[in-house]
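Some notes on the structure that comes next.
We did not get these values from a lab; they are worked out from the coordinates using the rules stated. The structure displayed is predicted, hence computed values, not measured ones.
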């Protein structure tokens, strides 16, 4: 039985807070609590926007923090992979116990060998000359229009169809 190895826990970089006797400017919004919330959101697979909403900060604050702490970007990308790894682990565990899960997995991972559906690709180009286009239009128009001679002037429709085709 193969078990998944635990992932090395990514350490979240912390901004060094320098205590100054005369602080200048606004205190940073990136507190330990905000960083913890960001980590939690990213481990759920959230986007930057969703994680910022969860942490109660704006995107610009996150991006500025990332510029000051580039190592945070690597941690964030690792955290975003957590749900994928968890799902992959569950699928592999299910494959061991469930034939349908095994079939589902093979159909997706080895579609060329195990897929139930076949894909057929057809490329065909057919060009119609003006007369063929006009004949097709007339047959469709005849089938769709009510059987009244005064509803549509056939010569007008024919001329309009040719004009539209030539303008393409």
(request) Quick one: grab Rg to one decimal and Dmax as a whole number for the range 58-137, Cα atoms only, in Å. (result) 25.5, 70
(request) Please list the radius of gyration and Dmax for the range 97-141, considering alpha-carbon atoms only, with Å as the unit. (result) 22.2, 64
